[in-house]
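What follows is one structure encoded as structure tokens, with my remarks underneath.
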Amino acid sequence: MAQLQPVRGTHDILPDDYARFRHVVDVARQAALLFGYREMATPIFEFTEVFARSMGETSDVVSKEMYSFTDKGGEGLTLRPEYTAGICRAFISNGLQQHVPFKAFAWGPMFRFERPQKGRQRQFHQIDVEVIGAAEPQADVEVISVAAEILRRLGILDKCVLELNTLGDPESRVGYREALVRYFSGHADALSEDSRKRLEKNPLRILDSKDEGDRRLVANAPLIQDYLTPAASDFFKALQDGLGAAGVPFKVSPRLVRGLDYYTHTAFEFTTDMLGAQGTVLAGGRYDGLIEQLGGKPTPGIGWAGGIERLVLLSDPQPVPPRSVAIIPIGAAAEAEAAKLAAELRRADVAVELAYGGNAGKRFKRADKLGCFAAVVIGDDELAGGVVKLKNLTSGEETTLPRGDLLAKLKA
């Protein structure tokens, strides 16, 4: 039988690696809680329409990368490729319009069919932060500040650069769209087939193209800054001023865009040069038109998502978790007392290793292999005297003490 392997683009997260993975999630959760975000989760799969509406049926994600299938009931379902659409759907489905601003933190697995590479898999994991129902630039400042605080707590903020741009308001986009049509129409023969189709329907989508020929044309395309309304300019200035007051450094990147119509105003990315071609650590933007596009009432929103695997690659190895105490019973009579003692210590938040069997020698070897810092030995003599023998497995020091004093000694 051939050796079994995980599916291409997926990987097992083994215990040693999972400690770092969990650390990223825990740090992100704690930082989000400090800003007033509450944790939630949505189903791993949704009706395909949720993602087709939110990401555009002609987008690469929808047309090429989504894991979609028809279930036994004939429903078209899709494994979630990102979190925002599902959270917005949940906002509408659960009637949360009366609870705005709705501030959510979430994390979990996502699925996209693409070429696996460092920091990018077909099953990957993201942390996600969303604010729904706040139109003010202060919400954008806060959302970005949450991201910066998470990166700071992970010790990687200084490895990242916050790139910032404005996409303008809908009025700004009218003139900008006309300028893009004029520009790309003059280079239509050089556009990819997908971008020629986009030129007719949504020229802003060309700005997101991954085709190298398209990207060369995009480099000289008109900039939204030349078409901003006064209101859009004021919004972008308020955002920059707010980030400055919050102590979050940034650089304006005029070519940073989001191609879908429902995006407005803020677009941002934290990027790094330490992950090779996959330089984006987390990214987000304001999506004031998305809730309406999904069938809800017009409601502003802003959020971001960050890849946990990439954050793990960037962050430093974490301290070893608290080491365990091994309980080593000697003789049949001590086995029951060892189980009782283990239960008491665990209820007091002391990690305990209790082997399922084997003689004392084997149990000591296992305790050493697991990195236990101490061993509690219980034999017939200890049972008779109401004591335990405590051995420091680092120094080798051994003491005998009353059983009732053990917990305080271990805590100390």
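The values are calculated or read from the model by the stated rules, or taken from the named source; none is laboratory data. All values reported here derive from a predicted model rather than from experimental measurement. Using ideal geometry, Cβ is built from the backbone for each residue, glycine included, and neighbour counts are taken over all protein chains shown. Quick note on the areas: whole protein, heavy atoms, side chains included, nothing else; ligands and nucleic acids left out. Shrake-Rupley method; radii C 1.70, N 1.55, O 1.52, S 1.80 Å.
The phi-based Karplus calculation (6.51 cos²θ - 1.76 cosθ + 1.60; θ = phi - 60°) puts the 3J(HN,Hα) values of the stretch 372-377 at 4, 8, 8, 10, 9, 9 Hz, whole numbers, x for Gly and Pro.
So for Ile330, Ile291, what's the accessible-area order with a 1.4 Å probe, most first? Write out the running numbers ahead of the final one.
Numbers: Ile330 85, Ile291 0 Å².
If we order Ile330, Ile291 from most to least accessible, we get Ile330, Ile291.
Taking GluC sites (Glu not before Pro) as exposed when their DSSP state is a loop state and no more than 15 other Cβ atoms lie within 10 Å, the longest site-free interval of the chain runs over 115-396. Of the residues Asp380, Asp17, Asp194, which exhibits the maximal mean-square fluctuation in a Gaussian network model of the chain defined by a 10 Å Cα contact cut-off? Of the options given, Asp380 has the highest mean-square fluctuation.
For the stretch 85-212, the fraction of C-alpha pairs more than 24 angstrom apart is 56%. The residues of the chain present an accessible area of 51 Å² per residue when probed at 1.4 Å with all protein chains retained. Dimensions of the chain based on its C-alpha atoms, expressed as ranges along the principal axes with the largest first, amount to 93, 58, 42 Å.
For Gln138 and Ala41, compute 0.36 nm times the residue count separating them, minus their Cα-Cα distance, and round to one decimal in nm.
Details: separation 97, 0.36 × 97 = 34.92 nm, distance 2.53 nm.
That works out to 32.4 nm of additional length.
Relative to the longest principal Cα axis of the chain, at what angle does helix 360-369 sit, 0 to 90 degrees, rounded to 10? So the inclination is approximately 30 degrees.
I'd like the orientation of helix 170-185 relative to the chain: the angle between its Cα long axis and the longest Cα principal axis, in ° from 0 to 90, rounded to 10. Tilt of helix 170-185: around 70 degrees. Near the amide H of Asp261, within less than 5 Å, lie no amide hydrogens of residues on another chain or at least 5 residues away, with H placed in the peptide plane.
Taken about its Cα centre, the stretch 325-411 carries a charge dipole of roughly 300 debye when the Cβ of each Lys and Arg holds +1 and the Cβ of each Asp and Glu holds -1. Summary of the geometry: the stretch 293-311 and the stretch 331-409, compared by the centres of their Cα atoms, lie 51 Å apart. Highest GNM mean-square fluctuation among Ala384, Ala338, Ala188, for the chain modelled with Cα contacts below 10 Å: Ala384.
Please report, as a whole percent, how much of the solvent-accessible surface of the chain comes from carbon and sulfur atoms (probe radius 1.4 Å). Let's see the in-between values first.
On the way: 10970 of 20840 Å².
C and S atoms contribute 53 percent here.
What percentage of all Cα-Cα pairs in the stretch 5-131 are separated by more than 22 Å? Roughly 44 percent, rounded to a whole number.
Remark: the stretch 89-94, residue by residue, has Karplus-estimated 3J(HN,Hα) of 4, 5, 4, 6, 4, 9 Hz, where x stands for each Gly or Pro and the curve is 6.51 cos²θ - 1.76 cosθ + 1.60 at θ = phi - 60°. What the phi angles of the stretch 247-260 give under the Karplus curve with 6.51, -1.76 and 1.60, with θ = phi - 60°, is a coupling list of x, 10, x, 7, 10, 7, 10, x, 8, 6, 9, 10, x, 7 Hz, glycine and proline written as x. For Thr266, the residues 5 or more places off, or on other chains, whose built amide H falls under 5 Å of its own are Leu167, Arg286.
The local environment of Pro6, defined by Cβ-Cβ distances under 12 Å, has a net charge of +1 under the rule Lys, Arg +1 and Asp, Glu -1. Against the chain, whose longest principal axis comes from its Cα atoms, helix 230-245 is set at around 30 degrees. Taking amide hydrogens as placed 1.01 Å from N in the peptide plane, the amide H of Ile378 sits under 5 Å from those of Ile328, Ile330, each at least 5 positions away in sequence or on another chain.
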